[in-house]
Amino acid sequence: MHTRGGSSSRGQSGLGFGSRVSSLLLAMFATMATIYVAGRLWQDAETRLHLVEELDERIGQGKSAVSVDDTLKIIACREQQKRLSAVEMELAAARQAGFVSNKLVDKGDGHSKKRILVVIGIITTFGRKKNRDAIRKAWMPTGAALKKMEDEKGIVLRFVIGRSANRGDSLDREIDNENRQTNDFIVLDGQVEATEEQPKKSKLFFIHAVETWDAEFYAKVNDDVYVNIDALGATLSTHLDKPRTYIGCMKSGEVFSEPTHKWYEPDWWKFGDAKSYFRHASGEIYAISRALAQFISINRSLLRTYAHDDVSTGSWFIGLDVKHIDESKFCCSSWATGSICAAV
């Protein structure tokens with residue numbers, strides 16, 4: 001009996017001790033929480049007080065309140081300032097990008113010169129030297145006459161070609177040798193010369209041309225097209241008053257979904273159930289204004305290409321405020337032996 005009673009007393013003593021420890025810990029946690037909350041409230045109060053003092057100091061009205069009318073006026077003024085700053089920035093960007101209506105370019109020395117009318121890129125490839133020689137004899141000046149055309153008529157002519165997949169091979173060397181003799185090539189070092197790469201090649205030409213020459217228009221021509229240079233210049237001159245212009249023999253056509261077809265379009269499903277391309281300029285020859293060439297240059301990484309270069313170019317202007325001009329003079333009016341297209 002005695003032993004049992006002693007055990008009971010020690011048990012009750014242990015329970016009492018445990019209860020006191022729990023109470024002590026709870027009190028400590030409550031105290032810490034109270035201190036934390038009080039500190040945050042004090043910090044927030046100090047912050048609010050600082051902001052109020054800062055506001056009073058800035059508006060110079062001491063402790064007086066700002067009326068609703070004055071507040072609205074201040075807000076309106078700030079909004080006007082923001083709009084004015086935005087407009088000034090847009091205007092500066094537009095001037096820098098060349099979105100101006102004047103046809104003269106300031107050289108920076110107080111004098112002005114006439115802007116180039118058009119840069120024409122003649123798309124060519126390896127093994128087409130006969131075509132290039134035929135163009136040089138028919139409608140493209142060579143040597144000093146090429147420079148004279150640039151100076152007097154404002155027309156720049158260049159063949160456009162990429163590089164061989166095997167950089168530095170005989171194909172590349174042949175083009176380099178030909179260019180040393182004629183000096184009439186744009187060699188796109190970053191572009192592989194291949195049939196499936198033609199849309200990217202056309203895009204890179206526009207980028208290179210607009211970054212090299214300040215012209216009113218940039219035109220793409222195939223190396224099997226006969227061009228009347230004077231007629232082309234006269235036609236483009238009639239559209240100088242249109243800032244965003246896309247000129248060509250406009251067409252649309254069937255989208256072919258069969259992989260074995262010559263004009264197969266891997267992205268055929270994007271053109272809807274009717275399987276018809278949107279309106280675009282035929283790829284033999286077309287021209288775009290400076291603003292559109294700049295748009296291509298600026299957005300180069302966002303503009304995707306399709307299987308064909310003419311469709312790709314047309315797709316870049318969908319949704320833009322662009323003037324599509326269906327110019328019959330850009331249509332191939334006759335075909336001669338050797339599939340030579342006569343345009344303009």
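Data for the structure
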{"read-out": "Difference of contour (0.36 nm per residue) and Cα-Cα distance, A145 to T195", "value": "14.8 nm"}
{"read-out": "Estimated FRET transfer efficiency when R0 is 30 angstrom, pair A234-R180 (beta carbons, to 0.05)", "value": "0.35"}
{"read-out": "Long pairs among K137/K323; K130/K242; K148/K323; K137/K201; K129/K323; K147/K203, criterion Cα-Cα beyond 30 Å", "value": "K137/K323; K130/K242; K148/K323; K129/K323"}
{"read-out": "Extension reserve of the K114-D321 stretch, reckoned as 0.36 nm per residue once the Cα distance is removed", "value": "71.8 nm"}
{"read-out": "Modelled FRET efficiency - R0 51 Å, A138 with L302, Cβ distances, 0.05 increments", "value": "0.85"}
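Readers should treat all values here as calculations from the given coordinates under stated rules, not as data from a laboratory. Keep in mind that what you see is a predicted model, and the values were worked out from it rather than measured. Positions of Cβ are generated from backbone atoms using ideal geometry, with glycine treated the same way; all protein chains shown enter the neighbour counts.
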